[in-house]
Amino acid sequence: MDTKRRIAFVLIDGIGDVSLPRFQDRTTLQAAKTPNLDAVASAGVNGIMDPVEAGLGCGSDTAHLSLLGYDPRVYYRGRGAFESMGAGLAMSPGDIAFKSNFATLDENTGIVTSRRADRHFEEEGPILCAALDGMKLPSYPEYEVRVRYATEHRCGVVVKGPKLSGNISGTDPLKDNRLLLKAEALDGTEEAKNTAAVVNELSKEISRILVSHPLNAKRAAEGKNIANVVLLRGCGIRIEVPTFEKQHGLSACMVAPTKIIAGLGLSLGIDILEAPGATGDYRTLLTFKSMAIAKALSAPLETCPLVFIPGEEDHKPGQTDGYDFGFLHIKAIDDAGHDKAVVLKVHGLEAVDRAIGQLARLLWQAEKSGPFQYYLCVTGDHSTPVEYGDHSFEPVPFALCKLQDFVSAVGEPIVLGTSLDSFPLPCTKAGEDLMEDLVVSSEKMRGCKAFSGDQVSEFSEVAAARGCLGRFPGSEMMGIIKKFLKQQE
């Protein structure tokens with residue numbers, strides 16, 4: 001029986017950081033206790049990666065395109081389509097879409113006082129989206145508007161109709177306490193001018209509906225921010241590209257509750273799997289993500305997770321023989337960076353490490369009992385330093401190993417003894433840092449030595465730079481992964 005070589009690819013959103021005085025000039029990743037991540041580094045090959053190019057502080061969407069082998073300069077058409085498709089809105093050629101925020105607007109001044117009405121919007125967001133879905137534009141009755149809740153304060157908005165262009169600016173001022181913007185055409189075409197006019201009326205009508213909604217009256221009475229505006233940003237159209245399988249010869253699936261990443265995967269023909277308890281925010285249950293990926297990489301049709309289809313309530317079955325490439329996306333680390341929650345980011349990384357240990361156990365059990373040979377790959381899409389609260393241009397660590405070498409480095413009894421009990425991320429309120437001190441050991445992992453590949457035995461931004469892969473752009477990542485697999489034949 002032929003051995004099936006398969007990859008578990010774990011992308012930790014916003015993993016990179018800068019050195020912090022409180023950690024003796026170490027990063028949050030260096031401060032975290034991450035024995036499983038260190039074992040991946042010890043068991044394989046390492047490098048430091050610029051997701052798109054050196055010196056560029058990129059968004060998650062452009063970074064993911066680059067990492068998966070699609071030049072964003074060629075294929076990127078705005079992030080709105082990714083968010084909306086991931087939220088479940090089907091898109092046709094000619095439609096435009098926005099990655100959108102429920103936000104708070106001072107109606108007297110026109111100033112956006114808070115770009116995020118509330119990160120905890122899981123109950124109210126769908127209600128407000130339902131009120132907006134199918135809304136009519138008085139001056140443009142020929143256009144159809146679809147709205148669907150995504151995660152936290154986010155929603156997807158799709159506009160369908162004639163003569164639409166994705167080449168317009170949005171209404172998001174990008175910072176709190178700035179004026180709400182008007183959409184403008186970014187070229188001289190009639191389509192762009194018409195689209196800007198349609199979008200500006202859409203923004204006004206959305207606010208009119210939200211202001212009068214009883215849910216906002218309730219929030220105001222409770223002293224909470226009201227959600228009386230939707231910031232429309234990242235106008236985009238659905239991209240047309242070769243599928244991931246055609247591009248790389250690997251059947252792929254993805255667990256990505258973060259809607260923009262799920263939508264990007266759908267655009268590349270990657271099957272989106274659903275995992276119970278996976279939310280794309282601080283409440284996510286990483287164990288079930290690991291279980292979904294492990295099952296998809298090993299399971300036959302009858303046990304393979306069902307695949308999400310945008311715009312439909314039903315799901316379709318996944319690949320009959322499982323998948324070659326399982327993409328596990330973890331968002332909460334990026335949120336901690338944006339919220340400047342330093343202790344939360346450290347403990348969040350430790351929780352991710354625990355989930356990787358669970359993934360390794362599940363895959364090793366499958367490899368021991370079936371015709372599989374697995375590989376673990378861990379990296380990030382960009383840095384989100386807690387000092388900045390935003391994406392930055394620092395490169396991210398990259399590690400790739402054979403699962404068998406990981407098991408040898410850790411010890412099979414330890415791998416098989418890993419608990420599969422589910423656990424929450426270490427926070428009680430979104431955006432609120434943990435009130436405790438961290439004890440940072442003088443060594444990342446005492447006694448850890450390089451086991452195979454190169455001389456790196458620690459998964460961090462600094463250690464990865466000493467790896468045999470050196471520093472490389474994200475566009476080379478899939479080539480590195482495929483060459484590594486080929487060398488194992």
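The values are calculated or read from the model by the stated rules, or taken from the named source; none is laboratory data. No experiment lies behind these values; they were computed from the predicted model shown. Cβ sites come from the backbone with ideal geometry, for glycine too, and all protein chains shown count toward neighbours.
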**Study point:** Selection within segment 62-99 - at pLDDT below 90, surrounded by 19 or more Cβ atoms within 10 Å (Cβ to Cβ) and out of contact with any Gly (no Cβ under 6 Å at 6 or more places or on another chain)
**Key:** 88, 91
**Study point:** Checklist (1) touching a Ser or Thr at 6+ places or on another chain (Cβ under 8 Å); (2) closer than 26 Å to residue 469 by Cα applied to residue 371, failing item
**Key:** (2)
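Just checking, how many residues over segment 178-213 are in a helix (DSSP H, G or I) and aliphatic (A, V, I, L, M)? So that I can check it myself, show each step before the final result.
So the first thing to find is which residues in segment 178-213 are in a helix (DSSP H, G or I), and the list is 190-211.
Of the ones still in play, those that are also aliphatic (A, V, I, L, M) are 192, 196-199, 202, 206, 209-211.
Final tally of qualifying residues: 10.
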Check your understanding: Quick check: is even one residue across segment 33-42 charged (D, E, K, R) and either under 29 Å from residue 252 (Cβ atoms) or not assigned by TED's automatic domain parsing to the domain that holds residue 287 (or both)?
Key -> yes
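Each row is one residue, and each column tells you yes or no for (1) crowded, with 21+ Cβ neighbours inside 10 Å; (2) more than 25 Å from the chain's Cα centre (by Cα).
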{"position": "102", "(1), (2)": "yes, no"}
{"position": "105", "(1), (2)": "yes, yes"}
{"position": "108", "(1), (2)": "no, yes"}
{"position": "115", "(1), (2)": "no, no"}
{"position": "119", "(1), (2)": "no, no"}
{"position": "125", "(1), (2)": "yes, no"}
{"position": "129", "(1), (2)": "yes, no"}
{"position": "136", "(1), (2)": "no, yes"}
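For segment 379-394, how many residues meet the condition of being outside any loop (DSSP other than H, G, I, E, B) and over 14 Å from residue 51 (Cβ atoms)?
Of the residues in that region, 0 qualify.
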Exercise for review: Scan segment 168-213 residue by residue and report those that are within 17 Å of residue 77 (Cα to Cα), of a type outside the set (Gly, Ala, Ser) and buried (at least 18 other Cβ atoms within 10 Å of the Cβ).
Suggested key: 168, 195
Exercise for review: Would you please name the residue that is farthest from the chain's Cα centre (by Cα), looking only at residues in segment 455-480 that are buried (at least 21 other Cβ atoms within 10 Å of the Cβ) and part of a helix (DSSP H, G or I)?
Suggested key: 463
Review point. Looking only at residues in segment 396-416 that are without any contact (Cβ under 8 Å) to a residue 24 or more places away in the chain and not aliphatic (A, V, I, L, M), which one is surrounded by the fewest Cβ atoms within 10 Å (Cβ to Cβ)?
Key: 413
Exercise for review: Could you check, for segment 207-228, whether at least one of its residues is within 21 Å of the chain's Cα centre (by Cα), assigned by TED's automatic domain parsing to the domain that holds residue 185 and at pLDDT 95 or above?
Suggested key: no
Point to revise | Residue ID - surrounded by the fewest Cβ atoms within 10 Å (Cβ to Cβ), chosen from residues in segment 378-395 that are under 16 Å from the mean Cα position of the chain (by Cα) and over 15 Å from residue 59 (Cα atoms) | key: 379
Exercise for review: For segment 328-350, enumerate the residues that are surrounded by fewer than 24 Cβ atoms within 10 Å (Cβ to Cβ) and out of contact with any Asp or Glu (no Cβ under 8 Å at 6 or more places or on another chain).
Suggested key: 347, 350
Review point. Quick one: residue 423 ticks every box in (1) out of contact with any Asp or Glu (no Cβ under 9 Å at 6 or more places or on another chain); (2) under 27 Å from residue 48 (Cβ atoms); (3) at pLDDT 75 or above bar one, so which box is it?
Key: (2)
Review point. All but one of (1) touching a Phe, Trp or Tyr at 6+ places or on another chain (Cβ under 7 Å); (2) modelled with pLDDT under 95 hold for residue 187; which doesn't?
Key: (1)
